[in-house]
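Take a look at the structure set out below.
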Amino acid sequence: MNTKIMETILQKIKEYDSIMLFRHIRSDGDCIGATKGFKRIIELSWPQKKVYLIDDEVVRYLDFMGPDDDDVADDVYKQSLGIVLDTASESRISNQKYKLCKELIKIDHHIPLENYGDYAWVEEERASCCEMIVHFYNTFKDQLELDSLGATHLYTGMVTDTGRFKYSGVNGDTLRNAAILLDIGVDTDILYARLYLEAYEYLKFKAHIYQRMQITPNGVAYIYIDRAMQEEFNLSLEQASACIGNLDSIRGCISWLAFIETGDEKGSIRVRLRSRFVHINSIAEKYNGGGHACASGATVYSREEVDALLHDADTLIKEYKETHEEWL
Ligand code: AMP
């Protein structure tokens, strides 16, 4: 069904000598893995082409995936094909110089809030954007090359975006695509050590989260992380935001949220929304956000808005629990 757009993308890559890859702000394993993995595929398949990945965001827990490229002159952008991966809307593209590119392609697996670019390949049922890139590689494997470095980038994106193949979006295709990467060669021992090991201090922060977390009347678990808490535990915004992962296994709490004060001049509070069984993205969309059915992000600007969002989430969960039986 999507073969035609994939053929167009392959054709466009062939047409250009210079290709630039872009991803979303607040980078995660999937957008880093997809951009680095796709870059590797293009470089190995057409060594004469120039492929740039320019992004100045630092994501410490994914440092092991290696640095990006230094910025280049605007003229290079102007003669390049731009490919944006894993990014639903234009405002979330981290390197805004993508606008200079001669043509633009969107490759994404989020619920499409808007379309942008000259060509868009969107498959929201895919568990990760990396899975789309593996599918692309496998479809055209007579013309494309992939080695174990590229496979490791893509596998990292797949495991991080699926909760280690746990989330409901994972299907047979996900595992077949992951198998292709394992066959090429991924050292999973070192990868999981890099992803799982935590600093002693971070475990102390975790203990603090479990002390402080709260639950709304109908079972939305949440935590509010203010600036003082981030300073007390010497956490970057990214480390503080990772706390969402600690609220995911409470029986009866089918949605869980983290509010993280960003400390920016607008007083914005990052909201991370997660759920099982029930879809939570409508709440994110109401509060300046979006994302996936069960994993979304939003932004609010005051404690009043925090309370309003919590109230909306609680109402949603109440309705869901009243009308469904198979949840826990
Ligand atoms: P986060 O909790 O920020 O990791 O967000 C969860 C998912 O929702 C990720 O796939 C994000 O890319 C996506 N997301 C977060 N914020 C937004 C937004 N404002 N608009 C669209 N998607 C978003």
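The values are calculated or read from the model by the stated rules, or taken from the named source; none is laboratory data. Every value quoted in this text rests on a predicted model; they were computed, and no experiment measured them. For neighbour counting, all protein chains shown are included, and Cβ atoms are generated from backbone atoms with ideal geometry for every residue, glycine included.
Looking only at region 59-103, residues that are free of Cβ contacts under 8 Å to residues at least 60 places away in the same chain and within 16 Å of the ligand (Cβ to nearest atom) come to 3 in all.
For first residues located in region 309-321 and closer than 19 Å to residue 287 by Cα, partners that are among the aromatic types (Phe, Trp, Tyr) and lie 6+ apart or on another chain with Cβ distances below 7 Å form the pairs 309/287; 310/222. Note on region 300-320: among residues that are of a type in the set (D, E, K, R) and either in the same structural domain as residue 85 (by TED's automatic domain parsing) or in contact with a Gly (Cβ under 9 Å, 6 or more places away or on another chain) (or both), the one that is nearest to the ligand (Cβ to nearest atom) is 314. At least 3 residues being buried (at least 17 other Cβ atoms within 10 Å of the Cβ) and over 20 Å from the mean Cα position of the chain (by Cα) is the threshold, and among the strands (runs of 3 or more DSSP E) wholly inside region 217-328 those reaching it are 220-225. Screening the candidates 297, 263, 252 for the property of being more than 15 Å from the ligand (Cβ to nearest atom), touching a residue at least 40 places away in the same chain (Cβ under 8 Å) and within 29 Å of residue 198 (Cα to Cα) yields one hit, 252. Among the residues examined, residue 169 does not qualify as in a loop (DSSP other than H, G, I, E, B), of a type outside the set (A, V, I, L, M) and at positive phi.
Every residue, every condition in (1) of a type in the set (Asp, Glu); (2) in a strand (DSSP E or B); (3) more than 30 Å from residue 164 (Cβ to Cβ), yes or no:
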position: 30; (1), (2), (3): yes, no, no
position: 64; (1), (2), (3): no, no, no
position: 71; (1), (2), (3): yes, no, yes
position: 75; (1), (2), (3): yes, no, yes
position: 84; (1), (2), (3): no, yes, no
position: 98; (1), (2), (3): no, no, yes
position: 113; (1), (2), (3): no, no, no
position: 117; (1), (2), (3): no, no, yes
position: 121; (1), (2), (3): no, yes, no
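If you go through region 13-44 and keep only what is surrounded by fewer than 17 Cβ atoms within 10 Å (Cβ to Cβ) and out of contact with any strand residue (DSSP E or B) (no Cβ under 8 Å at 6 or more places or on another chain), you end up with 14, 44. Against the list (1) touching a residue at least 12 places away in the same chain (Cβ under 8 Å); (2) under 24 Å from residue 47 (Cα atoms); (3) not in a helix (DSSP H, G or I), the condition residue 134 fails is (3). Counting the residues of region 172-185 that are closer than 25 Å to residue 63 by Cβ and crowded, with 21+ Cβ neighbours inside 10 Å gives 2.
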